[in-house]
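K.L.:
I have a structure I would like to understand better, so I am pasting it below and will then ask my questions one at a time.
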Amino acid sequence: MLVNAYGAHAGDKPLEPLRITRRTPGAHDVQIDIAYCGICHSDLHQVRAEWPGTRFPCVPGHEIVGRVSAVGAQVSGFKAGDLVGIGCIVDSCKRCPECEEGLENYCDRLVGTYNGPTPDEPGWTFGGYSQKIVVHERYVLRIRHPEEQLAAVAPLLCAGITTYSPLRHWNAGPGKKVGVAGIGGLGHMGIKLAHAMGAHVVAFTTSNSKRETAKALGADEVVVSANADEMAAHVKSFDLILDTVAAPHNLDAFLTLLKRDGTLTLVGVPSTPHPSPGVFNLIFKRRAIAGSLIGGIPETQEMLDFCAERGIVADIELIRADQINTAYERMLNSDVKYRFVIDIASLAA
Ligand code: NAP
Ligand code: ZN
């Protein structure tokens, strides 16, 4: 079926209205009428070809929420009318050790929600800046938040799980001091989630204007990272720092803040590498630099339920599809508190 979408024909072209084809649901497929889709910085990296391998036209969007409008004959877990979400994963091999453990995010044959290989025409996937999507039931998430919160739930599908998963893996919780660097879409969810897990949370920002608002998100302390005295006050004190910054920067400034055996976990994916960190900062305190990629499907459902039980959603600015290009510029200027979400009803005309 043909549906309205928003995407770009080249890395140096703005996004514009497009028509794309969605497959008829197969036996295990769920068809979703998309209500809202968040704008992740990864969408911008990909559609502007800042990362290698973008295929055009490119329709981004992997923070998808909506209602089921049809299901295949073999689908038993979902029915028309259910509130559901789709994150960054729409397929994987389903057989490797990672898939068997529910860590589909680390499957070598992971299919991303956009720009991933698919037998569907034209050969790569299209994301959530579109009216409908058809996805195998394994990758469909159930949403238990009240419907009024649906737009603000959308960012949980990427920003939420990408911060929840490393916070859980590195045991954020009571008695732990956790830093979150970069208070954007991912970072603001990292603050909310680490706070909800019971950790002492310190937010690192380059934006003075976020000093007060970060406290409202749940940060116990806020550090403006350009201020050397403020940084020095936290030397050798962190168990974990989650680095969500979308641009290359000096990692040593954060490594020196880790206590012995502390970990700096990178989730931001700048288009050019960070300057190499100093070895001394690693070996003298047995510190580690790690990375983390979104999260698997079972953990994404766990995160959604954790948030539903506690009333946690993203702080969002709702926009129309024809505001996407402006939203990208504002995101580059760190001028969003804290996630743009597209009202997909605006694609109808
Ligand atoms: P975002 O909303 O643009 O937030 C990034 C934040 O980083 C900004 O708000 C800003 O925070 C800070 N920042 C930006 N430029 C900076 C600079 N030059 N120097 C220092 N700080 C800077 O982006 P996002 O959607 O949260 O995504 C963040 C990164 O994570 C992107 O690279 C994205 O591709 C990546 N990502 C990774 C995964 C994964 O699985 N690992 C998943 C999703 C996204 P302040 O104003 O507070 O300084
Ligand atoms: Zn994302």
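Every number in this text was worked out from the coordinates using simple rules, so none of it is lab data. Keep in mind that this is a model prediction, so the values were computed, not measured. Cβ sites come from the backbone with ideal geometry, for glycine too, and all protein chains shown count toward neighbours.
K.L.:
Based on DSSP, what percent of beta bridges with both residues in the chain are antiparallel, to the nearest 5?
P.N.:
The answer is about 55 percent antiparallel.
K.L.:
Given a Förster radius of 56 Å and the C-beta distance between Ala345 and His169 as r, what FRET efficiency does 1/(1 + (r/R0)^6) yield to the nearest 0.05?
P.N.:
0.90
K.L.:
Can you tell me which of Gly278, Gly182, Gly38 moves the most in a GNM of the chain? Springs connect C-alpha atoms under 10 Å apart.
P.N.:
The residue with the greatest mean-square fluctuation here is Gly278.
K.L.:
Which of the three applies to region 160-291, rounded, prolate or oblate, going by the alpha-carbon gyration tensor with a ≥ b ≥ c and a/c under 1.5 meaning rounded?
P.N.:
rounded
K.L.:
Give me the distance between the Cα centres of region 211-237 and region 107-161, rounded to whole Å.
P.N.:
34
K.L.:
Here is a follow-up. As an exercise, use a Förster radius of 41 Å and the Cβ-Cβ distance of Asn208 and Glu16 to find the FRET efficiency, rounded to the nearest 0.05.
P.N.:
Efficiency at R0 = 41 Å is approximately 0.70.
K.L.:
Follow-up question, since we're still on this one. How high is the relative contact order of the chain, given as a whole-number percent (alpha carbon pairs under 8 Å, six or more residues apart)?
P.N.:
18
K.L.:
Here's another thing I want to ask about it. Dipole magnitude of the chain about its Cα centre, charges +1 at Lys/Arg Cβ and -1 at Asp/Glu Cβ only, in debye to the nearest 20?
P.N.:
420
K.L.:
In straight Cα distance, which aspartates and glutamates are under 19 Å from Lys337, not counting same-chain residues fewer than 8 positions off?
P.N.:
Asp43, Glu63, Glu212, Asp220, Glu221, Asp243, Asp315, Glu317, Glu329
K.L.:
Pairs Lys94/Lys132; Lys176/Lys210; Lys132/Lys215: which exceed 29 Å Cα-Cα?
P.N.:
Lys132/Lys215
K.L.:
Is it possible to state the helix-based mean residue ellipticity at 222 nm for the chain, with each DSSP H run of 4+ residues giving -39500 (n - 2.57), the sum divided by total residues, to the nearest 500 deg cm²/dmol? What is it?
P.N.:
Helix contribution divided over all residues of the chain: -6000 deg cm²/dmol.
K.L.:
Express in whole angstrom the spacing between the alpha-carbon centres of region 278-349 and region 59-103.
P.N.:
Region 278-349 and region 59-103 have Cα centres separated by 19 Å.
K.L.:
Only Cα pairs under 8 Å and at least 6 apart count here; give the relative contact order of region 1-158 as a rounded whole percent.
P.N.:
29
K.L.:
I want to check the label-to-label distance for Arg260 and Arg330. Put each point 7 Å from Cα in the C-beta direction and report it in nm to one decimal.
P.N.:
Placing both labels 7 Å beyond Cα along the Cβ direction yields 4.8 nm.
K.L.:
Right, here's the next one. Starting from the coordinates of the alpha-carbon atoms of the chain, obtain the Kirkwood hydrodynamic radius over all distinct pairs and give the value in Å to one decimal.
P.N.:
Hydrodynamic radius (Kirkwood, Cα only) of the chain equals 20.4 Å.
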